[in-house]
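The values are calculated or read from the model by the stated rules, or taken from the named source; none is laboratory data. This one's a predicted model, so the numbers in the text were calculated from it and none came from an experiment. We place every Cβ from the backbone using ideal geometry, glycine too, and count neighbours over all the protein chains shown.
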C-alpha cells in the first residue's frame, strides 16, 4: 500500500498563493502542560483535497451526502500525460495517453492522471504556471469510463491560474450535471509507477458535515 496525498503543513503551495494552513500548539508537555494539543485552521481546498458538486452548485451534493462505500474504488485507471506551463489538457491529450497506457481498465471508478508536475511542487511555478483542463476532458472521461466517480491528478487545480474563466467552466462541467465526476487535486505520485498501475484506491476525506470539499488522505494498493 502507498500514500498518494501530502501531509498538511503551514508552508505548502496553494491555488493563487492563497491562505495557508495555520497549526498552533495550544498545549505542550515540554512547556509544562499535561498533554500535547494542536489547533488547526485551514481552507477546505488546500493540499491534497477532493471537490464535490456543491463546490460550484448551490444544490449540489456535499461531502457527507455520499455512502461510505462511495469512497473506495475497486478499479483504477492510471496513465501519464506530460503537460507544459499553463497548458490546457484536452480530450485528445487524454485519449492519446490512454492508448499508450500498459493497463486499460474500462470499468474504472477512479482515473488517476500523472502529469509529472508533482516534481515541481516546491517551486513557484507549481501554482503560478500550473496547467489546467478543458471542459471536453469531462465528456471524454464520462464516455470512456461509464462507472467513473473520481478524477485525480498531480496538479494544484483543475483550473489553470492563467486561465481562470475556463477553469470555472471545467469545474462546472465535472460537478454540475446529472452524472458528476468528483475531482481530486494536488496528489503525490512520488511513490507511484504508471506501468505498475493500482489495484484499488481509498479516498479518506476530513469528514466535515455539509461542506463542498475537504483535504483527504489517499491510499492505493499496488
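A few points about this structure:
- Restricting segment 198-207 to residues that are touching a strand residue (DSSP E or B) at 6+ places or on another chain (Cβ under 6 Å) and in a loop (DSSP other than H, G, I, E, B), the residue that is nearest to residue 81 (Cα to Cα): 198
- Residue match in segment 100-107 (condition: surrounded by fewer than 18 Cβ atoms within 10 Å (Cβ to Cβ), part of a strand (DSSP E or B) and out of contact with any helix residue (DSSP H, G or I) (no Cβ under 7 Å at 6 or more places or on another chain)): no
- Just so you know, in segment 36-54 the residues that are assigned to a strand (DSSP E or B) and within 18 Å of residue 175 (Cβ to Cβ) include one that is farthest from the chain's Cα centre (by Cα), and it is 51.
- Enumeration of residues in segment 62-79 that are in contact (Cβ under 8 Å) with a residue 40 or more places away in the chain and either part of a loop (DSSP other than H, G, I, E, B) or farther than 21 Å from residue 107 by Cβ (or both): 62, 63, 64, 74, 75
- Restricting 189, 150, 133 to those that are over 18 Å from residue 218 (Cα atoms), buried (at least 20 other Cβ atoms within 10 Å of the Cβ) and touching a residue at least 24 places away in the same chain (Cβ under 8 Å) reduces the list to 133.
Table: residues versus (1) more than 19 Å from residue 114 (Cα to Cα); (2) assigned to a helix (DSSP H, G or I); (3) at pLDDT 95 or above; (4) touching a strand residue (DSSP E or B) at 6+ places or on another chain (Cβ under 6 Å).
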| position | (1), (2), (3), (4) |
| --- | --- |
| 155 | no, no, yes, no |
| 179 | yes, no, yes, no |
| 183 | no, no, yes, yes |
| 190 | no, no, yes, no |
| 196 | no, no, no, no |
| 215 | yes, no, yes, yes |
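- Residue, nearest to residue 25 (Cα to Cα), within segment 36-65, restricted to residues that are touching a strand residue (DSSP E or B) at 6+ places or on another chain (Cβ under 9 Å) and loosely packed, with under 15 Cβ neighbours inside 10 Å: 38
- Residue 115 being touching a residue at least 40 places away in the same chain (Cβ under 8 Å), in contact with a helix residue (DSSP H, G or I) (Cβ under 7 Å, 6 or more places away or on another chain) and either surrounded by 17 or more Cβ atoms within 10 Å (Cβ to Cβ) or over 22 Å from residue 175 (Cβ atoms) (or both): no
- Hey, residue 92 farther than 27 Å from residue 176 by Cα, without any contact (Cβ under 8 Å) to a residue 24 or more places away in the chain and out of contact with any helix residue (DSSP H, G or I) (no Cβ under 6 Å at 6 or more places or on another chain) or not: no
- Selection within segment 1-35 - assigned to a helix (DSSP H, G or I) and either surrounded by 12 or more Cβ atoms within 10 Å (Cβ to Cβ) or in contact (Cβ under 8 Å) with a residue 24 or more places away in the chain (or both): 15, 16, 17
- Selection of segment 84-98 for residues being surrounded by fewer than 17 Cβ atoms within 10 Å (Cβ to Cβ) and either assigned to a loop (DSSP other than H, G, I, E, B) or touching a strand residue (DSSP E or B) at 6+ places or on another chain (Cβ under 9 Å) (or both) yields 84, 85, 86, 90.
- Qualifying residue in segment 157-165 (condition: in a loop (DSSP other than H, G, I, E, B), out of contact with any helix residue (DSSP H, G or I) (no Cβ under 7 Å at 6 or more places or on another chain) and either over 23 Å from residue 80 (Cβ atoms) or in contact (Cβ under 8 Å) with a residue 24 or more places away in the chain (or both)): no
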